[in-house]
Amino acid sequence: MNTIIEKVQLTSDKSITFTLKENAINIFEEPQNNLWTFDLEGRLVGMFIDNKNYRRTLNNKYYLKLRFIIGEEHFRDIKQIPIDEIKPLIEQSHILIKNNQNRLPNVFHTPLAKILKMNSIFLQNSAKEFENIYLPISILPPDQYMSLVIQMTEGCNYNQCTFCNFYRDRPFKIKSTDDLVLHLSKVKSFFGEGINLHKSIFLADANALAVPQKRLVSGLELIHNKFPQFNDYYSFIDVFTGLKKSVNDFKKLNKLGIKRVYLGVESGNSDLMLFLNKHQLNKDIIELTHNLKKGGINVGIIFLVGAGGNKYSEKHLLDSIKLLEHLPLDKGDIIYLSELYETNSSYEKSMAKKNIQLPTRQEIRQWSTEFKSKLKKQYSKNVQVSVYDINQFFY
Ligand code: SF4
């Protein structure tokens, strides 16, 4: 479907523009520059009101995205906003629809009716349905925030890294075929036309590629049958189980759509890795990355900037750069620098035990800027290098 744009001129300086796209509908109010975005089932995705940027998650939580400056550095933050404060802002868009829908072509009527139907009770019910289908979706890589998540597995099969809070609430589990089939049906029915907002499939949770090859292949085939519109698949991978797959296994997975997998390398410094209780070896990371690349699968390599604080910062940077020299990265690969500024009590305890101060956000930013500038020189434009702020993840 081509994008359809209809501008309703209310007065010489007041107008409302309705934009119907193949994946979403926008309402734009001028001169205030307020903008609401909905999926094609009428669920609010985000809004920009009075210069404030709000996001809604599928479990009906609302967040205000904030920016602040310390010194010369720009930082981002988020703040959860109570539903009562949000309701009038959503209502504002409903009033604009009600007052103007009769002036719009027929093609707008069904999607706008869906938005009007999604009052606060419907949004709450939609959130309940979402929570019935998914365990909390803890994190995705930044380039995958618009993926359709399929929880082929639950949790992390390792789950012992001191700094990581993502999957402490659940044991690792591979969904049985019956459970996966049920999950896929529920996902399809939940998203409805809202599925168009999603561009690819992300196999969750922490390391769906830990699923033994035969079962993984048949799981991917089930997903293809249910969602034939998606060709690109992504997933996290871990070294411990990733090495159980051969180059041929990766070739097969690539044929089935796996384009890139994301590996939490964290650091090239082995002392720091022991301190973080992530006992993976550089030689295994190198071998796994070579195997993946030979299999035609790109990689996203994630480093944890700030881990181990000042005590490790220098060795962390140097050894991580050294490790990268052994990884055959090229076009389509990404290096993420994840700034570790929000931690948990077990990580804080291990820092205190070693008498290491928790670094400030400015210190962490300084390290990540230094890391980034070294990488930019090393990779020119071939390999994308980006900061990964886990706090900015919404689903
Ligand atoms: S960092 Fe990765 S491997 Fe470690 S516990 Fe978290 S999800 Fe699991």
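The values are calculated or read from the model by the stated rules, or taken from the named source; none is laboratory data. Small disclaimer: the values here were computed from a predicted structure and weren't measured. Heads up, the Cβs are rebuilt from the backbone with ideal geometry, glycines too, and the neighbour counts pull from every protein chain shown. When the accessible area is computed, the model is the full protein with side chains, heavy atoms only, and any ligands, DNA or RNA have been set aside. Shrake-Rupley method; radii C 1.70, N 1.55, O 1.52, S 1.80 Å.
To keep it simple, each residue is scored yes or no on (1) under 30 Å from residue 214 (Cα atoms); (2) among the basic types (Lys, Arg).
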site: 255; (1), (2): yes, yes
site: 274; (1), (2): no, no
site: 280; (1), (2): yes, no
site: 296; (1), (2): yes, no
site: 301; (1), (2): yes, no
site: 324; (1), (2): no, no
site: 328; (1), (2): yes, no
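For the stretch 208-217, does any single residue satisfy the condition of being within 18 Å of residue 338 (Cα to Cα) and of a type in the set (D, E, K, R)?
No, the conditions are met nowhere in the stretch 208-217.
Quick test for you: out of 69, 16, pick the one residue that is open to solvent by less than 70 Å² (accessible area, probe 1.4 Å), more than 18 Å from residue 122 (Cβ to Cβ) and in a strand (DSSP E or B). Outline the logic, then answer.
On the way: 69 fails: open to solvent by less than 70 Å² (accessible area, probe 1.4 Å).
Result of the check over 69, 16: 16.
Would you mind stating whether residue 173 is touching a Ser or Thr at 6+ places or on another chain (Cβ under 7 Å) and surrounded by fewer than 17 Cβ atoms within 10 Å (Cβ to Cβ)?
yes
Restricting to the stretch 225-240, count the residues that are open to solvent by less than 50 Å² (accessible area, probe 1.4 Å) and more than 26 Å from residue 285 (Cβ to Cβ).
The qualifying residues number 2.
Given the options 132, 159, name the one that is within 15 Å of the ligand (Cβ to nearest atom) and open to solvent by 10 Å² or more (accessible area, probe 1.4 Å).
Being within 15 Å of the ligand (Cβ to nearest atom) and open to solvent by 10 Å² or more (accessible area, probe 1.4 Å) holds for just one of 132, 159, which is 159.
Looking at (1) open to solvent by 70 Å² or more (accessible area, probe 1.4 Å); (2) within 16 Å of the ligand (Cβ to nearest atom), which one does residue 205 not meet, given that it meets all the others?
Residue 205 satisfies every listed condition except (1).
State whether the residues of the stretch 316-334 include one that is part of a helix (DSSP H, G or I), surrounded by fewer than 18 Cβ atoms within 10 Å (Cβ to Cβ) and polar (S, T, N, Q).
No.
Out of 33, 59, I need the residue that is under 29 Å from the mean Cα position of the chain (by Cα), of a type in the set (S, T, N, Q) and on the phi > 0 side of the Ramachandran plot. Which one?
Working: 59 fails: on the phi > 0 side of the Ramachandran plot.
Criteria check complete, one pass: 33.
Condition first: more than 16 Å from the ligand (Cβ to nearest atom), assigned by TED's automatic domain parsing to the domain that holds residue 37, open to solvent by less than 60 Å² (accessible area, probe 1.4 Å) and of a type in the set (Lys, Arg). Can you find one or more residues in the stretch 107-127 that meet it?
Checked the stretch 107-127: at least one residue is more than 16 Å from the ligand (Cβ to nearest atom), assigned by TED's automatic domain parsing to the domain that holds residue 37, open to solvent by less than 60 Å² (accessible area, probe 1.4 Å) and of a type in the set (Lys, Arg).
Residue check: is residue 73 touching a residue at least 24 places away in the same chain (Cβ under 8 Å), over 21 Å from the mean Cα position of the chain (by Cα) and within 29 Å of residue 362 (Cα to Cα)?
Considered against the rule, which asks whether it is touching a residue at least 24 places away in the same chain (Cβ under 8 Å), over 21 Å from the mean Cα position of the chain (by Cα) and within 29 Å of residue 362 (Cα to Cα), residue 73 comes out as yes.
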